[in-house]
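Chemist: Below you'll find the structure I mean.
The values are calculated or read from the model by the stated rules, or taken from the named source; none is laboratory data. Model, not experiment: these values are computed from the prediction. Every residue, glycine among them, receives a Cβ derived from its backbone with ideal geometry; neighbour counts consider all protein chains shown.
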């Protein structure tokens, strides 16, 4: 009887205690927004991460993959809190994710000072590309300025001479404006930075009226997440669709398009955006990702999802290179610096600040074969483009 | 500064003003008459938007959706008053704040469970989607004019009810001295339910009117509720006229600040400094206004209760 009891207790211990009797695991903390209206972005990223883990059969370098998702609540202070918890109490090996630049900036020290790797799957604030660059920080997205720089170049090529600019008033919004100003050769006749965060301004009537009266020939905006959908509707309602052509970055994407289609906002069809990726980009990894995502979730992945999928494969390349020896941090870092993994954007290389040197494309909003609205690549704007802040990075 | 643009921005300010008024009217009456701080008032704004969006997508008619969504929010208001709010009238303000804050969390989570986190959007009928030429070169979206007119109509109706009917007389009496009204034998509980539900319906109307412009999204009510509180503090708690004036002031100052502050600052600041400080200052303007008014008139512009 007593023997039976002891045997039972031992069996129970093995089941309950982590690390006893089961293989060691790679722990990845993934910080994104899972509440508030921005949760729609976070859910897309979480789905992509889960798909990547599935596509890797749940293993990296012989170790089990364990992903812990954490919600930043769209707030820098909450983001830092959950990051601290991932680093200190969950003792993860990698912290990845981060939609928002201000959340990433608030959280980065907690990760980097604790000697963990930090992988941004979206935010690309100029500070982390320049003065705050760090050997343990990697990006699987872009530096904020790059995409609007591509758009500035497109606007100049298309002969636009007067531009009106709108963006939210936070770290990335300012970077987006700086980016388009750097490459746009004409005159910027007006600029609005609107309130952002949990109580963001969503009624743009005053700004749109100013833009209309400014004599601009084109309107450049950056409104990620739910603000993008709200902006597009008001742009159409203000009667600007045929007067002030719209050029966007990170505003019209796989997250806002299904809703715009549901509301039949035809003004968005044909509008132009720039980006490092589109669902139709031709390479084997992207085909596998987009098909897998469509099959599993029944919708197109967004660029947020693409970057998140890449972040797991980047981590995989590091863990594989050291054969699962998570103590060999130099080995993992060297492996990641090579960017030697199948990326959904095709092959690319890392700059000294660990931001990708990659192509940027011009995309147009179209209806696909099944009538679903999506973005399609029209031309290459920049080849192997590197951000400008790398000059300030001392690594 | 071009006068057509000023004109348009004044209209935009009025539109924000009437939305704030619809929200603040219920808030100020509930606060003034029942001495009940309802942080969850914004939930009715959100529910109005979601219910209307669902009905509009389902019935394929915006008008029908509005006609149904307003009574539905009224009924929800009655249920919440009878089931929850009534138990809290005797509690002190801190307990009311804690309880209604809990209600916010429940409402937000319920909406997330029913409609998902991504929010709902729907198209306006063609006739409302266009522009109307007011005169020479002033064009304004038809739908925003409709919002302004609807808001002003509700304000007028509310004014007539409050100042020219028996119920309105009881409401006013309740706001200035609740005990006395009770002592005179009026069924104050009925009155409370009615006022609470009417406030909910007006908040719902505001929410469903803004939904086609922004969208129905989780937490939309909490964002605007803070401004609605500023409105009732400026206008004076318990006063519908105060709420109207306060809402118009806040709507106009916020919109005009956002539109013209950077041009104004450029008169005496460098281009760069004006550009970076204008968004920050314009976000603060309404709070500065509130502070100034509180300094000179602590009871608000139309304060009825001398505390």
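Chemist: Pairs please, first residue from the range B:131-155 and at pLDDT 95 or above, second anywhere and assigned to a strand (DSSP E or B), Cβ atoms under 7 Å, 6+ apart in sequence or on different chains.
Modeler: Correct list of pairs: empty, since none qualify.
Chemist: Which one is farthest from residue A:375 (Cα to Cα) among residues in the range A:270-304 that are within 14 Å of chain B (Cβ to nearest Cβ) and not in a loop (DSSP other than H, G, I, E, B)?
Modeler: This residue is A:297.
Chemist: Which of the numbered conditions does residue B:68 fail, given that it passes all the others? Conditions: (1) in contact (Cβ under 8 Å) with a residue 24 or more places away in the chain; (2) part of a helix (DSSP H, G or I); (3) over 21 Å from residue B:32 (Cβ atoms).
Modeler: (1)
Chemist: Got a sec? Which of A:173, A:215, A:190, A:186 is farther than 14 Å from residue A:247 by Cα and away from every other protein chain (no Cβ under 12 Å)? Don't jump to the end; show me each part of the working.
Modeler: Working: A:173 fails: away from every other protein chain (no Cβ under 12 Å); A:215 fails: away from every other protein chain (no Cβ under 12 Å); A:190 fails: away from every other protein chain (no Cβ under 12 Å).
Going through A:173, A:215, A:190, A:186 in turn, the sole match is A:186.
Chemist: Only one residue in A:267, A:227 is in a helix (DSSP H, G or I) and surrounded by fewer than 22 Cβ atoms within 10 Å (Cβ to Cβ). Which one? Spell out the reasoning first.
Modeler: On the way: A:227 fails: surrounded by fewer than 22 Cβ atoms within 10 Å (Cβ to Cβ).
A:267 is the lone residue from the list that is in a helix (DSSP H, G or I) and surrounded by fewer than 22 Cβ atoms within 10 Å (Cβ to Cβ).
Chemist: Among the numbered criteria (1) within 20 Å of the chain's Cα centre (by Cα); (2) facing chain A (nearest Cβ under 10 Å); (3) part of a helix (DSSP H, G or I), which single criterion is violated by residue B:280?
Modeler: If we test residue B:280 against (1) within 20 Å of the chain's Cα centre (by Cα); (2) facing chain A (nearest Cβ under 10 Å); (3) part of a helix (DSSP H, G or I), just (1) comes out false.
Chemist: Being in contact with a strand residue (DSSP E or B) (Cβ under 6 Å, 6 or more places away or on another chain) and either without any contact (Cβ under 8 Å) to a residue 12 or more places away in the chain or surrounded by fewer than 22 Cβ atoms within 10 Å (Cβ to Cβ) (or both) narrows it down to one residue among A:217, A:207; which is it? Talk me through it step by step, then tell me what you get.
Modeler: Values: A:207 fails: either without any contact (Cβ under 8 Å) to a residue 12 or more places away in the chain or surrounded by fewer than 22 Cβ atoms within 10 Å (Cβ to Cβ) (or both).
Of the residues listed, the single one that is in contact with a strand residue (DSSP E or B) (Cβ under 6 Å, 6 or more places away or on another chain) and either without any contact (Cβ under 8 Å) to a residue 12 or more places away in the chain or surrounded by fewer than 22 Cβ atoms within 10 Å (Cβ to Cβ) (or both) is A:217.
Chemist: One residue is enough: does the range B:182-199 have a residue meeting the conditions assigned to a helix (DSSP H, G or I), modelled with pLDDT of 90 or more and within 30 Å of residue A:204 (Cβ to Cβ)?
Modeler: Yes, because at least one residue in the range B:182-199 is assigned to a helix (DSSP H, G or I), modelled with pLDDT of 90 or more and within 30 Å of residue A:204 (Cβ to Cβ).
Chemist: Evaluate the following for residue A:349: is it touching a strand residue (DSSP E or B) at 6+ places or on another chain (Cβ under 7 Å) and more than 28 Å from residue A:246 (Cβ to Cβ)?
Modeler: Numbers: touching a strand residue (DSSP E or B) at 6+ places or on another chain (Cβ under 7 Å): yes; more than 28 Å from residue A:246 (Cβ to Cβ): yes.
So residue A:349 passes the test.
Chemist: Any chance the range B:212-222 includes a residue that's within 25 Å of the chain's Cα centre (by Cα), in contact (Cβ under 8 Å) with a residue 12 or more places away in the chain, part of a helix (DSSP H, G or I) and crowded, with 24+ Cβ neighbours inside 10 Å? Don't jump to the end; show me each part of the working.
Modeler: If we filter the range B:212-222 for residues that are within 25 Å of the chain's Cα centre (by Cα), which is where we start, we get B:212-222.
Subsequent filtering for residues that are in contact (Cβ under 8 Å) with a residue 12 or more places away in the chain retains B:212-213, B:215-222.
Adding the requirement that they be part of a helix (DSSP H, G or I) leaves B:220-222.
Checking which are crowded, with 24+ Cβ neighbours inside 10 Å leaves us with B:220-221.
Yes: one or more hits.
Condition check ((1) buried (at least 18 other Cβ atoms within 10 Å of the Cβ); (2) in contact with a strand residue (DSSP E or B) (Cβ under 9 Å, 6 or more places away or on another chain)) across all residues:
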residue	(1), (2)
B:7	no, yes
B:30	yes, no
B:38	yes, no
B:41	yes, no
B:53	yes, yes
B:64	no, no
B:89	no, no
B:104	yes, no
B:114	no, no
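Chemist: Inspect all residues belonging to the range B:117-140 and state whether any of them is in a helix (DSSP H, G or I), surrounded by 14 or more Cβ atoms within 10 Å (Cβ to Cβ) and facing another protein chain (nearest Cβ under 8 Å). Don't jump to the end; show me each part of the working.
Modeler: Initially, the range B:117-140 is screened for residues in a helix (DSSP H, G or I), giving B:126-128.
So of that shortlist, the ones also surrounded by 14 or more Cβ atoms within 10 Å (Cβ to Cβ) come out as B:128.
So of that shortlist, the ones also facing another protein chain (nearest Cβ under 8 Å) come out as none.
Within the range B:117-140, not a single residue is in a helix (DSSP H, G or I), surrounded by 14 or more Cβ atoms within 10 Å (Cβ to Cβ) and facing another protein chain (nearest Cβ under 8 Å).
Chemist: Which residues, counting only those in the range A:124-164, are outside any helix (DSSP H, G or I) and crowded, with 24+ Cβ neighbours inside 10 Å?
Modeler: First pass over the range A:124-164, keeping only residues outside any helix (DSSP H, G or I): A:124-125, A:130-145, A:158-164.
Listed by number, the residues that qualify are A:124, A:125, A:138, A:139, A:140, A:141, A:142, A:143, A:144, A:145, A:163, A:164.
Results for (1) buried (at least 20 other Cβ atoms within 10 Å of the Cβ); (2) touching a residue at least 24 places away in the same chain (Cβ under 8 Å); (3) assigned to a helix (DSSP H, G or I), shown as yes or no for each residue.
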{"site": "A:312", "(1), (2), (3)": "yes, yes, yes"}
{"site": "A:316", "(1), (2), (3)": "yes, yes, yes"}
{"site": "A:330", "(1), (2), (3)": "no, no, yes"}
{"site": "A:334", "(1), (2), (3)": "no, no, yes"}
{"site": "A:342", "(1), (2), (3)": "no, yes, no"}
{"site": "A:380", "(1), (2), (3)": "no, no, no"}
{"site": "A:387", "(1), (2), (3)": "yes, yes, no"}
